[in-house]
Every structure is written in C-alpha cells, then in structure tokens.
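Heads up: the structure comes next, in structure tokens.
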Amino acid sequence: MKTIQSVQIWQNGVVKNATIFNLVIINDDLTSSAQFYYSLLDENLIMLSQGNLTINGEEYQNWDSEPSANEYAYNWAADQLQIIITGEYIPVEEPIV
C-alpha cells in the first residue's frame, strides 16, 4: 500500500478523504495483459472507492521488463487514476495493553 495526496470522494452524501492506495494483481496472462484491483482508503483503512484497471500493449511490456515491477505498477495505476503517490504506507501499531 502507498500513501497518496488526499483525494476527496463523495460517499453516501458525504465528502471523505482517501489517503491510502492499495493495488493487487488479479490476473496476468504472462504475455500481453494483466488486471489489477485497486482501492482508495481513508486513514482508518475504510474503503471509499474501488475498481479494476487493465495494463496491456507497450505499458505491459515495459512493466514486465522493469526490475522494480511493483513500483512501475503502482506508478502506472496512479497515473491512470490521476492520483499522486506520496510514500509507503506504514501501519500504526496499536499499543499492547
């Protein structure tokens, strides 16, 4: 998961702010295309938006040849969604009581 520049999302009549971006590969034909599932979450990890993206063509070939394929995928997906990645998501651990 990544942190992102806050994005306002309309949900059930209320504007909420997504600050976390999650991306998971759900299918890859290992030749020409792959599908990703994405979700945009608030700071409490509550999902505000979700969907699927497909990478293919030259972008798929570039992704496949990148040594840092995960970063390429995140950056590609962020570009598709027009969001700005600001860093790595680091979960806050609850104190042990």
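The values are calculated or read from the model by the stated rules, or taken from the named source; none is laboratory data. None of these values were measured; they are calculated from a predicted model. Cβ sites come from the backbone with ideal geometry, for glycine too, and all protein chains shown count toward neighbours.
Here are the numbers for this structure:
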read-out	value
Any hit, region 3-14, residues being at pLDDT 95 or above and touching a helix residue (DSSP H, G or I) at 6+ places or on another chain (Cβ under 9 Å)	yes
Elements of type strands (runs of 3 or more DSSP E) contained in region 4-94, each with 1 or more residues being among the charged types (D, E, K, R) and under 16 Å from the mean Cα position of the chain (by Cα)	85-88
Qualifying residue in region 14-34 (condition: surrounded by 15 or more Cβ atoms within 10 Å (Cβ to Cβ), within 20 Å of residue 87 (Cβ to Cβ) and among the charged types (D, E, K, R))	no
Residues that are surrounded by 12 or more Cβ atoms within 10 Å (Cβ to Cβ) and of a type outside the set (A, V, I, L, M, F, W, C), drawn from region 37-60	37, 38, 39, 42, 43, 49, 54, 56, 59, 60
Lone unmet requirement of (1) surrounded by 14 or more Cβ atoms within 10 Å (Cβ to Cβ); (2) at pLDDT 95 or above; (3) out of contact with any Gly (no Cβ under 8 Å at 6 or more places or on another chain) for residue 64	(2)
